[in-house]
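Participant: Below you'll find the structure I mean.
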Amino acid sequence: MPIMDVIVWGETGDGKSTLINKLVGKEVAQVGKAPGGVTKQLTSYLANIFPHISVRLWDMPGAGDRDVPAYHVLEMLESTFSHSKMHGILLLSSRPDRMPLGAQLVAKLMDLCFANPDKWSSVALVGTKSDKYDHGDAENFSCAVLQEFNQTVQGRISKVTTVNYHNVQPVRDILAAFASQPGIGQCKKPQDEQVADVLRSLNGLEEEEVGKRKRMEEQVARKKRELEVMHQQQAAEREAERQRAAAREHAALLQRQEAERRQRKLQAQIERERQAQRAREEQIRHEIHMAHRRKRNGCVVS
């Protein structure tokens, strides 16, 4: 069974070794969170992707690894692939909003190292840690990020996917697709000046990225202040409405109490008038009774 050689390359901390372990099916590559990167040497691991496809995955030092400069990585590649064919490259990024400068460095150096004119068909962008994405991040990575990355590195990459620790099947599918592509060819280390030009151009991009990030942070801070002001205004409006509602409820209570007081006063007045009426009626009956007695007494005397 033929074996394809595929590089797994990206920025330090993007999950290269983790992805390799998932593809191989066991813990073969060292995984960690060291800020300087875990992988220090060009190391290969064999993975049986499908019954008819075996892939030798090459774990590379992360782009930007402070212990392994880019030039040394190129020397590793040349010593390994100067006389053998490299079938593909997986460029990793854990950022759903953009490909980091490290990935851009990888792509530019790959373009210098491999001369096959159809090499871009054997390159894929892989967004890692997609289980941490927000809604719409996967679509943004597959469309806007891919387009911007191609423009930056002057590439023609068309293969793109997103994966996470629980699902790496999309990468298996891409590796199967690599089997029908011409590959990226043999590696030839570029001239020192060419590498320096790439690094200088990326330094300019880094300054631009810093400026963009600063402007974005300022915009986010401004939006945050506007939201805080809006929330404060809404809270003040709610408090004012609560106070108005409380005032209306208090006024209604006072009106009810006043109405009840007037009702009690009216009922008391009616009761007094009723009692006075009964007293008058009793007085009239008494006077009538006394008049009848005087009349009877007068008749008896006669």
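The values are calculated or read from the model by the stated rules, or taken from the named source; none is laboratory data. Just so you know, these numbers come straight off a predicted model, no measurement behind them. Note that each Cβ is placed from the backbone with ideal geometry, even for glycine, and that neighbours are counted across all protein chains shown.
Participant: Tell me the residue from V145, V168 that is in contact with a Gly (Cβ under 9 Å, 6 or more places away or on another chain) and of a type in the set (V, I, T), please. Quick ask: steps written out before the conclusion?
Facilitator: Details: V168 fails: in contact with a Gly (Cβ under 9 Å, 6 or more places away or on another chain).
Sole residue among the options that is in contact with a Gly (Cβ under 9 Å, 6 or more places away or on another chain) and of a type in the set (V, I, T): V145.
Participant: Next up: Could you say whether any residue in segment 125-141 is in contact with a Cys (Cβ under 9 Å, 6 or more places away or on another chain), crowded, with 22+ Cβ neighbours inside 10 Å, of a type in the set (A, V, I, L, M) and at pLDDT 80 or above? Walk me through it before giving the result.
Facilitator: Restricting attention to segment 125-141, the residues satisfying the condition of being in contact with a Cys (Cβ under 9 Å, 6 or more places away or on another chain) are none.
No: segment 125-141 contains no residue that is in contact with a Cys (Cβ under 9 Å, 6 or more places away or on another chain), crowded, with 22+ Cβ neighbours inside 10 Å, of a type in the set (A, V, I, L, M) and at pLDDT 80 or above.
Participant: Scan segment 168-188 and tell me whether some residue there is touching a residue at least 12 places away in the same chain (Cβ under 8 Å) and touching a His at 6+ places or on another chain (Cβ under 6 Å).
Facilitator: Yes, some residue in segment 168-188 is touching a residue at least 12 places away in the same chain (Cβ under 8 Å) and touching a His at 6+ places or on another chain (Cβ under 6 Å).
Participant: Within segment 109-120, can one find any residue that is touching a Phe, Trp or Tyr at 6+ places or on another chain (Cβ under 9 Å), part of a strand (DSSP E or B) and among the aliphatic types (A, V, I, L, M)?
Facilitator: The answer is no, given that none of the residues of segment 109-120 is touching a Phe, Trp or Tyr at 6+ places or on another chain (Cβ under 9 Å), part of a strand (DSSP E or B) and among the aliphatic types (A, V, I, L, M).
Participant: Okay, moving on. I'd like to verify a number: residues in segment 181-193 that are under 18 Å from L125 (Cα atoms) and out of contact with any strand residue (DSSP E or B) (no Cβ under 9 Å at 6 or more places or on another chain), how many?
Facilitator: Going residue by residue through segment 181-193, those that are under 18 Å from L125 (Cα atoms) are 181-184.
With out of contact with any strand residue (DSSP E or B) (no Cβ under 9 Å at 6 or more places or on another chain) added as a condition, the list becomes 182.
Adding up the residues that qualify gives 1.
Participant: With the requirement that a residue be within 16 Å of R56 (Cα to Cα) and buried (at least 18 other Cβ atoms within 10 Å of the Cβ), what does segment 182-195 give you? Before the answer, list the steps.
Facilitator: So the first thing to find is which residues in segment 182-195 are within 16 Å of R56 (Cα to Cα), and the list is 183-186.
Of everything in segment 182-195, those that are within 16 Å of R56 (Cα to Cα) and buried (at least 18 other Cβ atoms within 10 Å of the Cβ) turn out to be G183, I184, G185.
Participant: Being surrounded by 10 or more Cβ atoms within 10 Å (Cβ to Cβ), hydrophobic (A, V, I, L, M, F, W, C), closer than 30 Å to L101 by Cα and under 60 Å from the mean Cα position of the chain (by Cα) is true for just one of A245, A236, A221. Which residue is that? Can you show your working first?
Facilitator: Working: A245 fails: closer than 30 Å to L101 by Cα; A236 fails: closer than 30 Å to L101 by Cα.
Just a single option satisfies the conditions, and that option is A221.
Participant: Given the criteria at pLDDT 90 or above, buried (at least 17 other Cβ atoms within 10 Å of the Cβ) and either outside the structural domain of L101 (by TED's automatic domain parsing) or closer than 27 Å to E75 by Cα (or both), does S121 qualify?
Facilitator: The answer is yes for S121.
Participant: From the set of residues in segment 19-42 that are modelled with pLDDT of 85 or more and surrounded by fewer than 20 Cβ atoms within 10 Å (Cβ to Cβ), which is nearest to F178 (Cα to Cα)?
Facilitator: Residues of segment 19-42 that are modelled with pLDDT of 85 or more, as a first pass: 19-28.
Now restrict to residues that are surrounded by fewer than 20 Cβ atoms within 10 Å (Cβ to Cβ): 24-28.
On the way: V24: 17, G25: 20, K26: 23, E27: 24, V28: 23 Å.
Applying the filter and picking the extreme gives V24.
Participant: Determine whether L90 is buried (at least 21 other Cβ atoms within 10 Å of the Cβ), touching a Leu at 6+ places or on another chain (Cβ under 9 Å) and modelled with pLDDT of 80 or more. Steps first, answer last, please.
Facilitator: On the way: buried (at least 21 other Cβ atoms within 10 Å of the Cβ): yes; touching a Leu at 6+ places or on another chain (Cβ under 9 Å): yes; modelled with pLDDT of 80 or more: yes.
Criteria met by L90.
A quick yes/no check of all residues on (1) among the aliphatic types (A, V, I, L, M); (2) out of contact with any Leu (no Cβ under 9 Å at 6 or more places or on another chain); (3) in a helix (DSSP H, G or I):
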position	(1), (2), (3)
A124	yes, no, no
A144	yes, yes, yes
Q147	no, yes, yes
N150	no, yes, yes
V160	yes, no, no
P170	no, yes, yes
L175	yes, no, yes
P182	no, yes, no
D197	no, yes, yes
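Participant: Among (1) in contact with a helix residue (DSSP H, G or I) (Cβ under 8 Å, 6 or more places away or on another chain); (2) at pLDDT 80 or above; (3) more than 22 Å from S130 (Cα to Cα), which single condition is L57 missing?
Facilitator: Failing condition for L57: (3).
Participant: Might you let me know whether segment 78-85 holds any residue that is modelled with pLDDT of 75 or more, under 24 Å from Q169 (Cβ atoms) and in the same structural domain as E148 (by TED's automatic domain parsing)?
Facilitator: Taking every residue of segment 78-85 in turn, none turns out to be modelled with pLDDT of 75 or more, under 24 Å from Q169 (Cβ atoms) and in the same structural domain as E148 (by TED's automatic domain parsing).
Participant: Criterion first (under 22 Å from the mean Cα position of the chain (by Cα), among the aromatic types (F, W, Y) and surrounded by 17 or more Cβ atoms within 10 Å (Cβ to Cβ)) does F178 satisfy it? Full working, then the answer.
Facilitator: On the way: under 22 Å from the mean Cα position of the chain (by Cα): no; among the aromatic types (F, W, Y): yes; surrounded by 17 or more Cβ atoms within 10 Å (Cβ to Cβ): yes.
Spelling it out, it is not the case that F178 is under 22 Å from the mean Cα position of the chain (by Cα), among the aromatic types (F, W, Y) and surrounded by 17 or more Cβ atoms within 10 Å (Cβ to Cβ).
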